[in-house]
Amino acid sequence: MSKPKEVIHSIPDEAISNKIYCIRNQKVMLDTDLAELYGVETRRLNEQVKRNIERFPEAFMFQLSSDEFFILKSQIATSSWGGRRKPPFAFTEYGVLMLSSVLNSEKAIQVNIRIMRIFTKFNKLLNESSSVKLEIEEIKNQLSKHHKNIQLVFSLLDKLIDKGEKSKTRKKIGYKLLDKN
């Protein structure tokens, strides 16, 4: 039993996180990548899923459309999917978690633990970046208000300058010096 744990710990986190894609505004992993991580053939993974399809509602798993699959393949120059006939299945975080119960092996359990930890890191980073985005938006709004106020000041100054240049020469008032000659 210790052998699968050694193999699994030798997989870098980056190798797993690079297999997480954003499709339909969801973080997902593809059946081919999951099969590779679990050390099984993709068709075997999909067979197990089909045998237990009631465990995989649409929120857990969906099949990519032909367009989505084409776009994904074009984004990844070195495709490992070769001559695949059908678009792959995409498993959400919940679907990946459910796979451990379907692929009841020590390796599947250990791989799922690693994947769940990486999904958790992603969620934490997403939450942190969301709060930073909110702060940036608040700063932008404040700057926008200041910008509008500065524009107003400059437009008023321009009006005053124009008014000053257009005003008639006024008659000077005050004492006149008399010429002593």
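Quick one: of LYS86/LYS107; LYS27/LYS86; LYS73/LYS124; LYS27/LYS124; LYS27/LYS73, which pairs are farther than 19 Å apart, Cα to Cα?
From LYS86/LYS107; LYS27/LYS86; LYS73/LYS124; LYS27/LYS124; LYS27/LYS73, over 19 Å: LYS86/LYS107; LYS27/LYS86; LYS73/LYS124.
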Residue exposure sequence - MET29, MET116, MET61 - by fewest surrounding Cβ within 10 Å: MET116, MET61, MET29
What percent do you get for the relative contact order of the range 2-124 when only Cα pairs under 8 Å and 6+ apart count? 34 percent
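Read-outs throughout are calculated quantities, based only on the coordinates presented, and are distinct from any laboratory measurement. All figures in this text were calculated on a predicted structure; none of them were measured in a lab. Quick reminder, even Gly has a Cβ in these numbers, built from the backbone with ideal geometry, and neighbours come from all protein chains shown.
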